[in-house]
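Read-outs: derived from the displayed coordinates by stated rules, not from any lab. No experiment lies behind these values; they were computed from the predicted model shown. A quick note on method: Cβ atoms are made from the backbone with ideal geometry, for glycine too, and the neighbour counts reach across all protein chains shown.
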Amino acid sequence: MHKPDFDEIIDRTGTHCSKWDDMEAAYGVSPDDGLSMWVADMDFRPPHAVQQAVERIAAHGIYGYPGRHRPYLDAICWWMAERHGWRIDPSWILTCAGLVNGVAMTLDAFTAPGDGVIVMSPVYHAFGRVVKASGRDLVELPLAERDGIYGFDWQAWEGMLKGHERLMILCSPHNPGGRVWTAEELTEVAEFCLRHDLILLSDDIHCDLVMPGCGPHRMIATVAPQIADRLITLTAATKTFNIAGAHIGNAIIADAGLRARFQGALAARGISPGMLGMDMVAAAYSPEGAAWVDALVEYLDGNRCVFDEGIAAIPGLRSMPLQATYLSWVDFSGTGMTPAEFTDRVQSSARIAANHGATFGLGGDQFLRFNIATPRARVTQAVARLQQAFGDLQ
Ligand SMILES: Cc1ncc(COP(=O)(O)O)c(C=O)c1O
């Protein structure tokens with residue numbers, strides 16, 4: 001395998017990338033001397049095999065309509081069996097234009113305007129955005145914090161439903177809390193869905209990014225066969241391999257009836273995959289890709305240690321233990337500052353663009369989310385800047 005160099009500093013400015021080129025407009029932090037730690041992509045090159053796939057296509061120079069892509073489907077099946085112990089059939093895979101699109105198609109297929117759609121807050125902000133934009137009613141069930149990590153709160157939640165809920169969205173592993181849900185917790189989710197007659201949408205986009213000793217991540221289909229006829233699982237290679245610009249993801253649906261409805265939603269919107277993405281994914285879901293992911297996770301774990309240690313040294317700041325994802329969820333409530341005050345220090349003094357916690361919904365306002373998937377030197381620099389910006393708390 002080509003050895004990845006995650007320490008390489010790659011200048012992404014001027015490439016029309018959201019993370020660096022939009023940060024000033026979004027946070028008032030200039031990319032000239034600022035650090036971008038918001039949008040969830042990585043400042044790393046993908047595996048060599050992915051780059052080669054793109055170069056092969058470019059060398060051929062023909063960019064026509066793609067047809068049925070068996071190696072793409074086989075690669076997904078291989079990856080799910082090899083890395084997640086989940087045996088799926090190629091016919092279960094429906095390809096959408098990324099997973100935000102997958103969420104939208106699921107809402108389209110299985111709910112109607114006015115229906116309640118449940119999320120466990122705080123959670124990935126696009127869920128709420130899509131639910132609201134499609135005229136569905138966002139039902140936020142607040143996660144409970146126990147021993148410093150998020151957990152479910154079934155007892156409280158039972159009394160919070162109004163009866164119009166049709167679908168629940170599970171983020172597994174959880175963004176932004178970094179939780180890897182256990183088999184027991186996933187079984188509880190399944191039982192809740194059965195009790196309340198809910199379709200379950202499980203978004204497993206972060207499934208490959210589990211920190212050493214914190215797994216395994218389990219696909220809910222493998223622990224809760226009792227919900228096979230109400231389950232849609234979303235997966236993608238884009239987060240794992242840093243190819244989010246390819247905008248490609250999958251809904252994996254075992255139940256033929258559900259699958260037909262999802263397919264109908266895709267057809268009604270005229271959605272079909274582009275050619276580059278499928279070849280990139282087929283190259284990524286490979287033994288070379290697997291070795292690259294193992295090296296990546298080891299590197300991210302090193303970043304996590306540097307970042308967590310640095311945050312822990314600032315009185316009043318606390319990062320939630322990051323079991324998975326590269327998105328560190330930092331609690332500023334111990335500073336006694338308002339969100340406006342601590343956010344201003346992070347943006348104006350530390351010159352760091354980090355996601356505002358309130359955008360993740362209920363319970364998020366005391367937090368900022370920091371993306372640590374960047375060369376270690378930048379993580380070290382971020383920690384030093386934060387320690388200086390909050391130096392008066394020492
Ligand atoms: C839970 C979750 N789902 C979906 C996405 C985005 O998926 P896509 O880029 O395929 O639309 C993200 C990106 O951060 C995410 O965290």
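The residues 318, 218, when put in order of fewest to most other Cβ atoms within 10 Å, stand as 318, 218. Each peptide in 59-65, 178-184, 335-341 gets a packing score, the mean of other Cβ atoms within 10 Å over its residues, and the list from highest to lowest is 178-184, 335-341, 59-65. Under a 10 Å cutoff between Cα atoms, tell me which one of 154, 78, 20 has the largest fluctuation in the Gaussian network model of the chain. Looking only at 154, 78, 20, the biggest GNM fluctuation is shown by 154.
Fewest neighbouring Cβ atoms within 10 Å first, the residues 288, 191 line up as 191, 288.
Using a Förster distance of 25 angstrom, determine the FRET efficiency expected from the C-beta separation of residue 229 and residue 78, and round it to 0.05. Step by step, r from the Cβ atoms, then E = 0.45. Mean-square fluctuations from a GNM of the chain, with a 10 angstrom spring cutoff on Cα atoms, peak among 312, 283, 324 at 312. Backbone phi angles across segment 286-295, fed through the Karplus curve with coefficients 6.51, -1.76 and 1.60 (θ = phi - 60°), yield HN-Hα couplings of 8, x, 5, x, 5, 5, 5, 5, 4, 5 Hz in residue order; Gly and Pro are listed as x. Taking only alpha carbon atoms, segment 63-285 gives an Rg to Rh ratio of 0.94, where Rh is the Kirkwood radius. Each residue of the chain gets 139 Å³ once the volume of the Cα convex hull is shared out per residue.
Per-residue Cβ neighbour counts within 10 Å put 294, 301 in the sequence 294, 301, beginning with the fewest.
Under the rule a/c < 1.5 gives rounded, and otherwise a/b versus b/c splits prolate from oblate, where does segment 1-148 land using the Cα gyration tensor?
Oblate.
Available extension along the chain between residue 129 and residue 184 is 16.9 nm, counting 0.36 nm per residue and deducting the alpha carbon span.
Counting only the backbone N, which residues of segment 250-291 are under 15 Å from the spot 7 Å out from the Cα of residue 56 toward its beta-carbon? Flagged as within label range: 275-289.
Quick one: plug the Kirkwood hydrodynamic radius of segment 270-333 (C-alpha pairs) into Stokes-Einstein at 4 °C, 1.567 mPa s, and report D in µm²/s. My calculation gives 89 µm²/s for D.
Reducing segment 333-394 and segment 244-310 to their Cα centroids gives an inter-centroid distance of 29 Å. Modelled spin-label separation between residue 91 and residue 380, with each label point placed 7 Å from Cα along the Cα-to-Cβ direction: 5.5 nm.
Residue by residue, segment 31-45 carries 3J(HN,Hα) couplings of x, 4, 10, x, 10, 9, 10, 10, 2, 7, 10, 10, 8, 10, 6 Hz when phi is fed to the Karplus relation 6.51 cos²θ - 1.76 cosθ + 1.60 (θ = phi - 60°); x denotes Gly or Pro. Computed from phi, the 3J(HN,Hα) profile of segment 74-84 under the Karplus parametrisation 6.51, -1.76, 1.60 (θ = phi - 60°) reads 4, 5, 5, 4, 4, 4, 5, 6, 5, 9, 10 Hz, with x in place of Gly and Pro. A cut-off under 15 angstrom between Cβ atoms defines the neighbours of residue 384, and their net charge, with Lys, Arg +1 and Asp, Glu -1, is +2. Cα centroid separation, segment 49-79 to segment 118-154: 36 Å. Binning the alpha carbon pair distances of segment 179-291 at 5 angstrom intervals from zero yields the distribution 2, 11, 17, 19, 19, 16, 11, 4, 0, expressed in whole percent.
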